[in-house]
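Asks: The structure is given below, and queries will be raised subsequently.
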Amino acid sequence: MKLNIFFIFTLTVFCLNLLSQTNLKEAMFWQPLDGKNIQCVLCPRECILKPNHTGYCTVRINLNGKLYTMTYNHPVSIAVDPIEKKPVFHMLPGTKSFSLATPGCNLRCIHCQNWEISQRPIGEIKTYNISPYEIVKMALETGSKSISYTYTEPVIFYEYMLDIAKEARKHNLKNVMVTSGYINIPPLDELIKYIDVFRVDLKGFTEDFYRKLAAGKLQPVLEVLKYLKQKGAFIEVVNLVIPTMNDNPQDIKKMCVWIKENLGDETPLFFSRFYPMYKLTNLPPTPVETLQKAYQIAKEVGLKYVYIGNVPGHPYESTYCPKCKKVLIKRVGYNVLENNITKGRCKVCNTKIAGIWE
Amino acid sequence: MQYKNCRYMGIAKVIFFFAGLLLLSCKNYKPKHIFSQIEVDRFNKTISFKAYLNDTPSEKYFIFYFQSYPWIRDYAIFCSSAPLKELQTALALIDWELWNKIYTNKFSPQMEIKILHENQWFLIHEIMKLKNLNTYQTIFWGLPGYDEVVLNDGYYVSRCSGCELLPLEQSLILGTLQPLNYKLIKNLKGKEIKIKIKFN
């Protein structure tokens with residue numbers, strides 16, 4: 001009997017030790033199925049995982065009938081970026097944002113610009129061991145005003161992001177989630193309480209585009225955007241314009257109309273330039289004329305804050321007052337040269353400008 | 001007399017008023033902008049920066065190198081400690097359309113390069129003889145497909161520790177370029193050199 005207790009105790013200590021060494025943390029949002037199979041319900045893929053198998057994201061694993069996240073405490077990239085790099089233009093312009101990512105992704109974009117960390121197996125990538133508390137400490141030490149969950153898809157490091165975001169709130173740091181919006185509503189609901197800006201990629205406006213280029217679906221992303229708006233979250237939308245893939249003016253118009261009707265005309269919208277990347281190197285960079293055309297379409301539809309991204313120095317990188325048309329924030333690349341917003345209003349005509357300014 | 005003084009005062013007030021207006025309108029236009037290591041004069045389309053002569057024995061393919069792809073440093077005659085990202089932004093600030101052409105079409109702009117030597121500005125051909133200069137080889141401007149990975153120097157973790165980008169980068173960047181085959185006329189060794197480039 002004594003030997004049995006000793007054996008169980010030793011085994012428990014060994015297992016706990018193993019868990020702490022591999023930094024596995026039990027995941028949220030999953031349900032048990034028959035036998036030891038389980039289903040992850042974090043994102044619309046809703047993967048069914050056999051024992052010892054990972055989900056599509058490659059970083060959530062079924063161990064002994066429980067779902068664990070393998071990325072908790074394991075950032076792969078950490079940097080102090082200008083907030084303009086996200087891009088987020090309507091929150092604390094000119095400030096630093098402490099940015100981090102862990103490996104993995106729940107989409108398979110063939111033009112991914114961070115494929116080295118999002119699409120490679122987790123075992124191939126060197127990561128750090130940093131707790132949420134330490135992340136917040138580092139953010140404060142670097143003078144950052146916000147923490148951005150970015151580079152890869154933060155949905156796949158949900159628990160880590162949530163704990164950092166909670167800790168950040170205690171220290172008056174803002175939270176920015178740079179996401180594809182590929183997440184189920186219940187986990188999103190929990191997250192909304194702590195995220196200040198959702199910077200969502202609306203990659204295209206057809207199911208065909210999502211299926212072929214991202215191995216995903218458009219509809220769940222639209223549902224997420226609508227839900228965020230309904231809950232009063234602040235959203236900025238980015239559309240990467242890829243020549244011949246999603247640059248059809250009719251689709252761009254449909255997207256702009258949808259944004260105006262469902263998210264409101266004050267939603268900032270970026271048309272970003274594509275550069276050949278990862279598995280999509282056969283296409284040229286997006287011509288500036290295409291981006292300008294998309295800009296005109298969005299303005300004609302009635303969106304107030306439209307931008308062109310990845311073309312440093314372009315006049316449409318700057319924010320203009322929707323009423324008096326004066327430059328509110330003049331930008332070149334990630335640099336803010338001029339800021340004419342005071343207390344969230346245009347200095348010239350006192351119009352209220354959507355965003356988080358203080 | 002009193003009447004005349006009053007009239008002069010009136011004119012002076014009007015002049016002061018308009019001068020004030022002019023000053024206010026000029027306040028927002030800043031022709032000079034200083035990044036951390038590059039000074040930009042938007043009005044004269046000029047950038048100024050400091051560099052040092054790179055006297056390593058390897059062949060040189062570019063005149064100027066800015067901090068970016070570390071292996072290119074050896075192939076440049078002058079190296080600046082300013083980041084390439086800063087140079088890219090500086091040019092975009094001067095003329096974003098010119099920058100766009102250079103970056104996406106490998107367009108070679110007309111440049112007037114001056115180097116400060118013993119308190120006197122010299123044109124580059126007065127400082128060195130260059131045999132094979134293709135204007136594209138004046139400055140290494142970066143590569144759209146790789147810059148996103150390489151120029152994000154904030155990363156604490158090397159994102160590309162396992163992949164073999166270098167041979168690809170090398171073939172894309174050096175490709176068919178000829179070595180510059182240069183000869184210095186002035187002695188610039190061991191000095192920090194001030195350089196001014198005007199874009200035409």
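The values are calculated or read from the model by the stated rules, or taken from the named source; none is laboratory data. Remember, predicted model here, so these are calculated numbers, not experimental data. With ideal geometry, Cβ positions are generated from the backbone for all residues, glycine too; neighbour counts draw on all protein chains shown.
Asks: Being in contact (Cβ under 8 Å) with a residue 40 or more places away in the chain and either more than 10 Å from chain B (Cβ to nearest Cβ) or part of a helix (DSSP H, G or I) (or both) is the filter here, so list the residues in the range A:111-120 that pass it.
Replies: Applying the first criterion (in contact (Cβ under 8 Å) with a residue 40 or more places away in the chain) to the range A:111-120 yields A:111-113, A:115, A:117, A:119.
Passing the criteria: A:H111, A:C112, A:W115, A:I117, A:Q119.
Asks: If you scan the range A:278-301, which residues turn out to be within 30 Å of B:L168 (Cβ to Cβ), without any contact (Cβ under 8 Å) to a residue 40 or more places away in the chain and hydroxyl-bearing (S, T, Y)?
Replies: Selection gives A:T281 alone.
Asks: Same structure, new question: Being surrounded by 19 or more Cβ atoms within 10 Å (Cβ to Cβ) and within 27 Å of A:K352 (Cβ to Cβ): is that true of A:Y307 here? Outline the logic, then answer.
Replies: Values: surrounded by 19 or more Cβ atoms within 10 Å (Cβ to Cβ): yes; within 27 Å of A:K352 (Cβ to Cβ): yes.
For A:Y307, the condition - surrounded by 19 or more Cβ atoms within 10 Å (Cβ to Cβ) and within 27 Å of A:K352 (Cβ to Cβ) - is met.
Asks: Also: Based on what the data block shows, is A:E159 modelled with pLDDT of 95 or more, among the acidic types (D, E) and either in contact with a strand residue (DSSP E or B) (Cβ under 6 Å, 6 or more places away or on another chain) or over 20 Å from A:A79 (Cβ atoms) (or both)?
Replies: Values: modelled with pLDDT of 95 or more: yes; among the acidic types (D, E): yes; either in contact with a strand residue (DSSP E or B) (Cβ under 6 Å, 6 or more places away or on another chain) or over 20 Å from A:A79 (Cβ atoms) (or both): yes.
Against the criterion (modelled with pLDDT of 95 or more, among the acidic types (D, E) and either in contact with a strand residue (DSSP E or B) (Cβ under 6 Å, 6 or more places away or on another chain) or over 20 Å from A:A79 (Cβ atoms) (or both)), A:E159 qualifies.
Asks: Which one is nearest to the chain's Cα centre (by Cα) among residues in the range B:40-83 that are over 16 Å from B:G142 (Cβ atoms) and within 14 Å of another protein chain (Cβ to nearest Cβ)?
Replies: This residue is B:V40.
Asks: Right, next: As an exercise: evaluate A:F14 against (1) modelled with pLDDT of 90 or more; (2) farther than 24 Å from A:E141 by Cα and give the number of the one condition it does not meet.
Replies: It is condition (1) that A:F14 fails.
Asks: A further question on this structure: Any chance you could count how many residues in the range A:299-347 are among the polar types (S, T, N, Q) and more than 13 Å from chain B (Cβ to nearest Cβ)? If you could, list the steps in order and put the result at the bottom.
Replies: Kept after step one, since they are among the polar types (S, T, N, Q), are these residues of the range A:299-347: A:310, A:318-319, A:335, A:339-340, A:342.
Imposing the further condition that a residue be more than 13 Å from chain B (Cβ to nearest Cβ) reduces the set to A:319, A:342.
Adding up the residues that qualify gives 2.
Asks: If you don't mind, there's one more thing I want to ask. Among the residues of the range A:276-290 satisfying the criterion of being in a helix (DSSP H, G or I) and β-branched (V, I, T), which is farthest from the other protein chains (Cβ to nearest Cβ)? So that I can check it myself, show each step before the final result.
Replies: Quick first cut of the range A:276-290, residues in a helix (DSSP H, G or I) only: A:288-290.
Applying the additional criterion that residues be β-branched (V, I, T) yields A:288, A:290.
On the way: A:V288: 6, A:T290: 13 Å.
Per the stated criteria, the residue is A:T290.
Asks: Could you please tell me which pairs satisfy a Cβ distance under 6 Å, a separation of 6+ or placement on different chains, a first residue in the range A:198-224 that is touching a residue at least 24 places away in the same chain (Cβ under 8 Å) and surrounded by 18 or more Cβ atoms within 10 Å (Cβ to Cβ), and a second residue that is part of a helix (DSSP H, G or I) and of a type in the set (S, T, Y)?
Replies: As it stands, the answer is A:G216/A:Y210, since those pairs meet every condition given.
Asks: Further question: Given (1) touching a His at 6+ places or on another chain (Cβ under 8 Å); (2) crowded, with 21+ Cβ neighbours inside 10 Å; (3) modelled with pLDDT under 95, identify the lone condition not met by A:Y128.
Replies: Looking at each condition in turn, A:Y128 falls short on (2).
Asks: Only one of these is touching a residue at least 40 places away in the same chain (Cβ under 8 Å), outside any strand (DSSP E or B) and more than 12 Å from chain A (Cβ to nearest Cβ): B:E86, B:E126. Name it. Steps first, answer last, please.
Replies: Values: B:E86 fails: more than 12 Å from chain A (Cβ to nearest Cβ).
Of the residues listed, the single one that is touching a residue at least 40 places away in the same chain (Cβ under 8 Å), outside any strand (DSSP E or B) and more than 12 Å from chain A (Cβ to nearest Cβ) is B:E126.
Asks: Let me ask another. Test each condition in (1) over 30 Å from A:Q119 (Cα atoms); (2) surrounded by fewer than 16 Cβ atoms within 10 Å (Cβ to Cβ) for A:P287 and report the one that comes out false.
Replies: Only one criterion in (1) over 30 Å from A:Q119 (Cα atoms); (2) surrounded by fewer than 16 Cβ atoms within 10 Å (Cβ to Cβ) is unmet by A:P287, namely (1).
Asks: A further question follows. If only one of A:N282, A:N335, A:N350 is modelled with pLDDT of 95 or more and of a type outside the set (S, T, Y), which one is it? Steps first, answer last, please.
Replies: Details: A:N282 fails: modelled with pLDDT of 95 or more; A:N335 fails: modelled with pLDDT of 95 or more.
None of the others qualify; the one that does is A:N350.
Asks: Would you check if there is a residue in the range A:103-110 being within 12 Å of chain B (Cβ to nearest Cβ) and more than 11 Å from A:T58 (Cβ to Cβ)?
Replies: Here is the first cut: in the range A:103-110, the ones within 12 Å of chain B (Cβ to nearest Cβ) are A:103.
Subset that is more than 11 Å from A:T58 (Cβ to Cβ): none.
The answer is no, given that none of the residues of the range A:103-110 is within 12 Å of chain B (Cβ to nearest Cβ) and more than 11 Å from A:T58 (Cβ to Cβ).
Asks: I'd like to verify a number: residues in the range A:68-102 that are more than 13 Å from every other protein chain (Cβ to nearest Cβ), under 25 Å from A:T58 (Cα atoms) and in a strand (DSSP E or B), how many?
Replies: Qualifying residue count, the range A:68-102: 2.
Asks: A further question follows. Given the structure, is A:K293 farther than 23 Å from A:I356 by Cα and part of a helix (DSSP H, G or I)? Give the steps one after another, and end with the answer.
Replies: Values: farther than 23 Å from A:I356 by Cα: yes; part of a helix (DSSP H, G or I): yes.
For A:K293, the condition - farther than 23 Å from A:I356 by Cα and part of a helix (DSSP H, G or I) - is met.
Asks: Would you confirm, using the coordinates I've provided, whether A:P44 is touching a Lys or Arg at 6+ places or on another chain (Cβ under 9 Å) and within 14 Å of chain B (Cβ to nearest Cβ)?
Replies: In short, no.
Asks: If I ask for residues that are of a type in the set (S, T, N, Q) and under 19 Å from A:G104 (Cβ atoms), which ones from the range A:158-196 would you list? Working first, answer last.
Replies: Start the filter on the range A:158-196 by keeping residues that are of a type in the set (S, T, N, Q), which leaves A:172, A:175, A:179-180, A:184.
Those that are of a type in the set (S, T, N, Q) and under 19 Å from A:G104 (Cβ atoms): A:T179, A:S180, A:N184.
Asks: I'd like to verify a number: residues in the range A:131-150 that are within 14 Å of chain B (Cβ to nearest Cβ), over 12 Å from A:I78 (Cα atoms) and either under 20 Å from the mean Cα position of the chain (by Cα) or surrounded by 18 or more Cβ atoms within 10 Å (Cβ to Cβ) (or both), how many?
Replies: 1
Asks: Continuing with this model, one more query. Considering only residues that are surrounded by fewer than 19 Cβ atoms within 10 Å (Cβ to Cβ), in contact (Cβ under 8 Å) with a residue 40 or more places away in the chain and in a loop (DSSP other than H, G, I, E, B), which ones fall in the range A:323-357?
Replies: Once the filter is applied, which keeps residues that are surrounded by fewer than 19 Cβ atoms within 10 Å (Cβ to Cβ), in contact (Cβ under 8 Å) with a residue 40 or more places away in the chain and in a loop (DSSP other than H, G, I, E, B), the range A:323-357 yields A:Y334, A:A354, A:W357.
Asks: Looking only at the range B:47-81, which residues are surrounded by 15 or more Cβ atoms within 10 Å (Cβ to Cβ), assigned to a helix (DSSP H, G or I) and either hydrophobic (A, V, I, L, M, F, W, C) or touching a residue at least 24 places away in the same chain (Cβ under 8 Å) (or both)?
Replies: Taking the range B:47-81 and keeping what is surrounded by 15 or more Cβ atoms within 10 Å (Cβ to Cβ), we get B:47-54, B:60-69, B:72-80.
Filter once more, keeping what is assigned to a helix (DSSP H, G or I): B:72-75.
Those that are surrounded by 15 or more Cβ atoms within 10 Å (Cβ to Cβ), assigned to a helix (DSSP H, G or I) and either hydrophobic (A, V, I, L, M, F, W, C) or touching a residue at least 24 places away in the same chain (Cβ under 8 Å) (or both): B:I72, B:Y75.
Asks: When you look at A:V327, is it more than 30 Å from B:A90 (Cα to Cα) and of a type in the set (V, I, T), yes or no? Can you show your working first?
Replies: On the way: more than 30 Å from B:A90 (Cα to Cα): no; of a type in the set (V, I, T): yes.
Judged against the criteria, A:V327 is not a match.
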